[in-house]
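The next block holds one structure in the form of C-alpha cells; read it before the comments.
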Amino acid sequence: MDSVLAIRYKDGCVIAADQTNARSVLAYQHNLDKVTELGKHTAMGVSGPNADMVNFSEYISKNMALYEAMNHGSKLSVNAQAHYVRSVLAEALRKGPYQVNLMLGGYDEKTKEANLYFLDYLASMQKVNFGCQGYAGAFCLSIMDREWKEDMTKEEALDVIDHCIGELGKRFVIAQPNFIVKVVDKDGVTVSKFGADPNDN
Amino acid sequence: MARRYDSSTTTFSPEGRLHQVEYAIEAINNAGTCVGILSKDGIVLASERRVTSGLLAPTKTSEKTYKLANHATCCVAGLTADANILIDQARLRSGRYQFQYGESIPMEQLVEYVCNHKQSYTQYGGLRPFGVAFLFAGYDDEHGYQLYQSDPSGNYSGWKATVIGANNSSGKSLLKNDYDPDGDGTMPDMVTALKLAVKVLNKTMDGATASTSAEKMELFTMTRDANGEFLHKILVKDEVQKIVDEVAAESDVEMAGGAESSQ
C-alpha cells in the first residue's frame, strides 16, 4: 500500500514516499519517514510491512556506518551500496525474506554522478533513471516516462514528483494524505518537504 | 634461556617476545629476494628465482609472483607451500567482495584480511605461524597504485619501494638513495623503475653477473591499458636480458666516470 517515487536528475536524486503507517483497516500514523539515509550521499525509500521496513533499513544503515568505521573512513560508492543491499536481500530470500521493495539513490563525489537503483524483495536490482514501488507505478510510471529527460534540473525533477503525487491523490483509491520528499546531491540528503513532521510525536 | 619459551607459538617469553614469530621472520631472511617499486603509471615486482633447473616442467608460471585479482598481485618470500594457502585466502576474499559490492576490493582491506589471518596463528591454536612475507601490489580508485609489505606476525605497512628476503637491508639502502634521488617526491617511470629493480637484485644476489642474472630474475609489471584494463606481465627472457644489459652498461659508464674523476 506504500508508494515510493524516485527520479534521477543531472546532479542528484529525488526520493519521495508516502507517510502512512497502516495495517488492514487501521492507520497507526500519517507522519512516518520511509526514506532512510545511508551515509552522507545516499538515501533509500523503502516500502513494506513496518516491521521489515524498519528492521531492514536500520540493518543496512548501521552496516554502512560499520564499513566506514572499519575501513579507515573510506566510503562505498552508490553502486557498491546497491550491490550490498541486493546481497542482503538475496541471502535472506531463501531463509526468511525481507518483504521490502525500495528505491536507492545517491550522488558519487568521485565521479560527480547521480545514480538510482530499483531493488525488490526478490533481490532483483536495476539501475534506472526513475522508478516507483507499489501501486504508485501504475499511475506514475507513465508520467515519469513522458516527462523525464537527460540533464534535468532539481526543480524540474521536483515538479515531476509533484505531478505524480497529485495524480495519486486524484486517482488512487487509497488516500495517502502526506508525502515526504528528500533530495540527495553533493550537499548530502535534505528534506525538500513533508506532509507531516516525522518528529512530531 | 629463550629455549624454554620458544616452542609454543602463543606464549610470550619473559622479555615479552614471541620467539616462534621471530624465527619465522628469520626463515624469510634466507629466502629469495623480492623487490617492489611504485612508478608513476604502474608497479614493478622483481624476484630472485632460486629454482632454475632446466629439467623443471612448470605447472604454474611462477613460484614467486601471483595474481590475486584483476587489480591486485603479490610476490612471495618464504615457504611456497605456506604462501599457497594465504594466496587462496586472498583470492577468495577478493572474489567475495566483488560479489557482494560489485566492485574491486580496496587494496588495504585485502592486505589487512590476509594479515589478520596470519596474526591469528600467533595467538590461537598452538599452530606454527606462516613462514611467508608478501609484497602486495595493486590499484584502487581511492589511493591509486599501492605497495604493501607483510610478515609472519601479521604486521603490514605501505611503501613506495621496498625489499624482502635475502639481503633486503642492502637492497633497501640502495633504494633509499636511488628511488627518488632529488628528494622531491617524484615517482620514476616504468622503465626507470625496472632498471632500478634490476640494480637492486644485482646487489642482493651473490655473485650475479650479467650473463647469469637474467635467468635468475623474474620481472613483473602491472600497468593499465587505454581501456582502463589491468595488464599483468611477466617479462620474457629477451626483455629481461635487455634491461640487465642496459643496467650493466650504465654502471660501466658510472665506473669509468668515477675512475676518471679520481685521477
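The values are calculated or read from the model by the stated rules, or taken from the named source; none is laboratory data. Just so you know, these numbers come straight off a predicted model, no measurement behind them. Every residue, glycine among them, receives a Cβ derived from its backbone with ideal geometry; neighbour counts consider all protein chains shown. What goes into the accessible areas is simple: the full protein's heavy atoms, side chains included, and nothing from ligands, DNA or RNA. Shrake-Rupley method; radii C 1.70, N 1.55, O 1.52, S 1.80 Å.
Spin-label pair A:THR190-A:MET1: with each label point 7 Å from Cα along the Cα-Cβ axis, the two points sit 3.4 nm from one another.
Any idea what the dipole of segment B:56-182 comes to, in debye rounded to 20, about its Cα centre with Lys/Arg Cβ at +1 and Asp/Glu Cβ at -1? Walk me through the intermediate numbers first.
Details: 11 positive and 13 negative charges, 102 e Å.
For segment B:56-182, the charge dipole is close to 500 debye.
Across segment A:1-72, Cα pairs under 8 Å and at least six residues apart give a relative contact order of 23 percent.
Using the Kirkwood radius built from alpha carbon pairs, what does the Stokes-Einstein equation give as D for chain B at 20 °C and 1.002 mPa s, in µm² per second?
Values: Rh = 19.5 Å.
Translational D for this selection: 110 µm²/s.
Karplus-derived 3J(HN,Hα) values for segment A:102-108, using 6.51 cos²θ - 1.76 cosθ + 1.60 with θ = phi - 60°, are 9, 10, 10, x, x, 10, 8 Hz; glycine and proline are entered as x.
Counting only C-alpha contacts under 8 Å and six or more residues apart, can you give the relative contact order of chain A as a whole percent? Before the final figure, lay out the partial values.
Values: 431 pairs, mean separation 64.9, N = 201.
So the answer I get is 32 percent.
For peptide A:66-73, the mean count of partner chain Cβ atoms within 10 Å of a residue's Cβ comes to 2.
Can you tell me how much longer the chain between B:GLU26 and B:ILE85 gets when fully stretched, taken as 0.36 nm per residue apart minus their C-alpha distance, in nm with one decimal? Walk me through the numbers on the way to the answer.
On the way: separation 59, 0.36 × 59 = 21.24 nm, distance 2.01 nm.
Contour length minus the Cα-Cα distance gives 19.2 nm.
Within the assembled protein chains, the solvent-accessible surface assigned to A:THR111 is about 80 Å², based on a 1.4 Å probe. Of the peptides B:49-57, B:221-229, B:20-28, B:80-88, the order by per-residue mean of other Cβ atoms within 10 Å, starting with the highest, comes out as B:20-28, B:80-88, B:221-229, B:49-57. Evaluated at q = 0.10, 0.17, 0.18 Å⁻¹, a Debye calculation over the C-alpha positions of chain A (equal weights, vacuum) places log10 I(q)/I(0) at -0.38, -1.14, -1.28.
In terms of the Cα gyration tensor, with a ≥ b ≥ c the square roots of its eigenvalues, is segment A:132-189 rounded because a/c is under 1.5, prolate because a/b exceeds b/c, or oblate?
Working: a/c = 2.33, a/b = 1.48, b/c = 1.57.
Judged from the Cα gyration tensor, segment A:132-189 comes out oblate (a/c at least 1.5, b/c at or above a/b).
Across all directions, the average flat footprint of the convex hull enclosing the Cα atoms of the protein assembly as shown is 31.5 nm².
The sum of -39500 (n - 2.57) across all DSSP H runs of n ≥ 4, divided by the residue count of chain B, sets its helix-only mean residue ellipticity at 222 nm to -13000 deg cm²/dmol.
Would you mind calculating the relative contact order of segment B:51-208 from Cα pairs under 8 angstrom and at least 6 residues apart, reporting the percent as a whole number?
Values: 203 pairs, mean separation 27.4, N = 158.
Once divided by the residue count of segment B:51-208, the mean separation gives 17 percent.
Per-atom-type breakdown for the protein assembly as shown gives carbon and sulfur 51% of the accessible area (1.4 Å probe, protein chains only).
Convex hull over the alpha-carbon atoms of segment B:71-125: what's its volume per residue in Å³?
Details: hull volume 4.9 nm³, N = 55.
Dividing the Cα hull volume of segment B:71-125 by its residues yields 90 Å³.
Extending 7 Å from the Cα toward the beta-carbon at both B:SER7 and B:GLN123 defines two label points whose distance is 2.6 nm.
Couplings for segment B:43-54, taken from phi via the Karplus curve 6.51 cos²θ - 1.76 cosθ + 1.60 with θ = phi - 60°, read 9, 10, 10, 10, 9, 8, 8, 7, 9, 10, 5, x Hz in order; Gly and Pro are left as x.
Students often get this wrong, so check it: of B:LYS118/B:LYS242; B:LYS40/B:LYS233; B:LYS67/B:LYS199, which have C-alpha atoms separated by over 27 Å? Could the numbers behind the result be given before it?
Details: B:LYS118/B:LYS242 39 Å; B:LYS40/B:LYS233 17 Å; B:LYS67/B:LYS199 24 Å.
The pairs that break the limit, which is 27 Å between Cα atoms, are B:LYS118/B:LYS242.
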